[in-house]
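Comments concern the structure below.
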Amino acid sequence: MPQDTYYKDHWVEIEPERLDRYEAQFVWGPRGNRLLEPAAIVAGQVVADYGCGPGYLSLELAHRVGATGRVHAFDINADFVSRTRGRVAAAGLADHVTVHHLHGDMLPLADDSLDRLVIKNVMVYVDDPIASFREFRRVVKPGGKVHAIDSDFYMAAFDPIDVDDWRAVLDAGIHAFRTPAIGRKMYGLALQAGFTDVAVEVIAAPDTTGRMLNFIKNMAGYAREGGAYDEETVSRVVDVAAKAVADGTFFALNPQFLVTATV
Ligand SMILES: C[S@@+](CC[C@H](N)C(=O)[O-])C[C@H]1O[C@@H](n2cnc3c(N)ncnc32)[C@H](O)[C@@H]1O
C-alpha cells in the first residue's frame, strides 16, 4: 500500500488476521459507558455511528435510542459493513439501524437530520478533520451534539516496554494515522470548524490485563508495512508486552479525549 494514503487504505482493505484482531478489540463493554456519557443519548433520538467497525457500538446505540429511535452506522470497510449488518439482523434491529458503506467523507444524510453523531477512534484517520467536523455540523440539528472520542498516540504509555523501543515502533508505524496527536487537537479543530460550544473531558483508565496487546501487535504490523523499521526492536516490543500480560506485570495507559460539540 502507498505510504501517503496508508492511513486510509489499511482500513479499506484489511487482511483476515487483522480483521479478527480488530473484531476482538472493538467489543463493547461496560467500561465504554463513561465514554458515551457526555453525548447524553436517550430513547427516541436519531444517532449516527461514524466509522462503526464491526458494529458493537452501533448496537449499543440502538439499545439506547430504543424502538422509537434510529441509528445510522457508517464505515469505509466492506467487511465491517457486512459484519455490522449481520450483527444488527441477528439482534432483530434491522428496522432501526441502517448500515451505510461510505466511499468518501460526505454523509448521505439531509441537513439537520440527526440528534447525535458519535465518532469513536476514527477522527485520527479522516483526511481533513476540520472538513469532517463541518460535515457533522451540517447533518446534526440545532441543539444536537457531535461527540468525538479519540486517542493521542504520543500520550500512550506502556510498561515494561522500553520507552525508546516503543517510540521507535510508533515512529515506524506512524503512517497508519492521519493525525496521530488528534486527541489534544480535537478541541481546536472543532472551534475552527465553527462550533462555539465545545466541552472536553479526558478519561485515562489503566489497562493491567492486556486489552491493549492487540493494539501493540497492530502497531508492530504498521511498522513492518512501512519498511523503515528494525525487526529486533519490533519483535522485542511485542515479546515484552506479551510476556508481561502473561505474568501479570503489564501496564498501559491510553487516555481518551472526549470532545462534545453542541450545534
Ligand atoms: C479504530 S476503528 C474504530 C471502530 C469503532 N468506532 C469502535 O470504536 O469500536 C476505526 C474504524 O473507522 C473506519 N474508518 C477509517 N477511516 C474512515 C473514514 N475516513 N470514514 C469512515 N470510516 C473510517 C475503519 O474502517 C474502522 O472501522
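Values as computed for the structure displayed
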quantity: Theoretical gain in end-to-end length, R224 to D9 [0.36 nm per residue, Cα-Cα removed]; calculated: 75.8 nm
quantity: Rounded D (µm²/s) - the range 123-263, Kirkwood Rh over Cα pairs, Stokes-Einstein at 37 °C, 0.692 mPa s; calculated: 201
quantity: 17 Å Cα-Cα reach of K185 towards aspartates and glutamates, excluding residues that sit fewer than 8 places from it in its own chain; calculated: D127, D128, D150, D152, D197, E201
quantity: Computed [θ] at 222 nm, helices only, for the chain once each DSSP H run of length n ≥ 4 contributes -39500 (n - 2.57); calculated: -12500 deg cm²/dmol
quantity: Rounded, prolate or oblate (a/c below 1.5 giving rounded, otherwise prolate when a/b exceeds b/c) for the range 45-150 by Cα gyration tensor; calculated: oblate
quantity: Near-label residues of the range 87-116 by backbone N, under 13 Å of a point 7 Å along Cα→Cβ of R138; calculated: 104-113
quantity: Lysines whose Cα lies under 24 Å from that of K217, excluding same-chain neighbours fewer than 8 positions away; calculated: K8, K120, K243
quantity: Mean separation of Cα contacts under 8 Å, 6 or more apart, over the residue count of the chain: relative contact order %; calculated: 21
quantity: Label-point separation, S113 to V163 (7 Å along Cα→Cβ), nm; calculated: 4.9
quantity: The chain: radius of gyration and largest Cα-Cα distance (Dmax), Å; calculated: 18.2, 55
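Bear in mind that the values in this text are calculations on the coordinates, not laboratory data. Just so it is clear, the model here is predicted, and its values are computed rather than measured. Don't worry about glycine lacking a Cβ; one is built from the backbone with ideal geometry, like all the others, and counts go over all protein chains shown.
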